[in-house]
1. Taking segment 1-43, which residues are touching a strand residue (DSSP E or B) at 6+ places or on another chain (Cβ under 9 Å), closer than 17 Å to residue 74 by Cβ and assigned to a loop (DSSP other than H, G, I, E, B)?
2. Out of segment 66-103, which residues are surrounded by 12 or more Cβ atoms within 10 Å (Cβ to Cβ), modelled with pLDDT under 95 and at positive phi?
3. Search segment 59-114 for residues being outside any strand (DSSP E or B) and free of Cβ contacts under 8 Å to residues at least 40 places away in the same chain, and hand back the single one that is nearest to residue 35 (Cα to Cα).
4. Take segment 104-118 and flag every residue that is modelled with pLDDT of 85 or more and more than 13 Å from the chain's Cα centre (by Cα).
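The values are calculated or read from the model by the stated rules, or taken from the named source; none is laboratory data. Here the structure is a predicted model, which means the values were calculated and not measured. All Cβ positions, even for glycine, are placed from backbone atoms using ideal geometry, and neighbour counts span all protein chains on display.
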């Protein structure tokens with residue numbers, strides 16, 4: 001499944017690029033993620049914790065920088081995740097690129113995501129909605145890393161390290177799906 005998203009940060013592309021290339025600094029901005037090992041300057045290991053109601057999942061994740069074009073401000077990361085107790089897996093190819101804006105930078109992210117196991121049983125729409133919420137949270141943490149005082153930036157990272165609470169995210173996603181369906185039905189009537 002393809003998930004596309006974008007967000008803006010109030011810094012020039014060169015400053016945003018420097019942060020995005022600092023993967024050990026970026027990984028903790030992803031909700032529930034913790035950097036566990038740096039293999040080399042293009043390969044890392046991380047742990048991603050997700051809580052879906054009474055079910056807690058922990059994913060061992062291998063992250064690799066596949067491409068980085070500093071001139072074009074385009075990068076590609078791959079991620080391969082395995083649930084530590086064998087209850088599923090995920091793989092993703094994440095393309096990102098930066099565009100200069102008046103006084104800031106637009107960050108576009110396109111992810112090709114494949115899920116297997118229990119997580120794959122959730123509908124595509126719910127997975128996309130939850131992913132959008134995660135990206136929003138990720139963007140807020142990146143903004144804090146780029147523009148906040150060091151203490152505020154550290155607080156943003158600590159907040160992100162908590163396991164992703166899937167129940168609240170899933171309920172919000174389901175509610176958005178229901179209201180979208182009702183809205184379409186009203187327009188059709």
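1. Those that are touching a strand residue (DSSP E or B) at 6+ places or on another chain (Cβ under 9 Å), closer than 17 Å to residue 74 by Cβ and assigned to a loop (DSSP other than H, G, I, E, B): 12, 42.
2. Listed by number, the list holds a single entry, 88.
3. 84
4. 104, 105, 106
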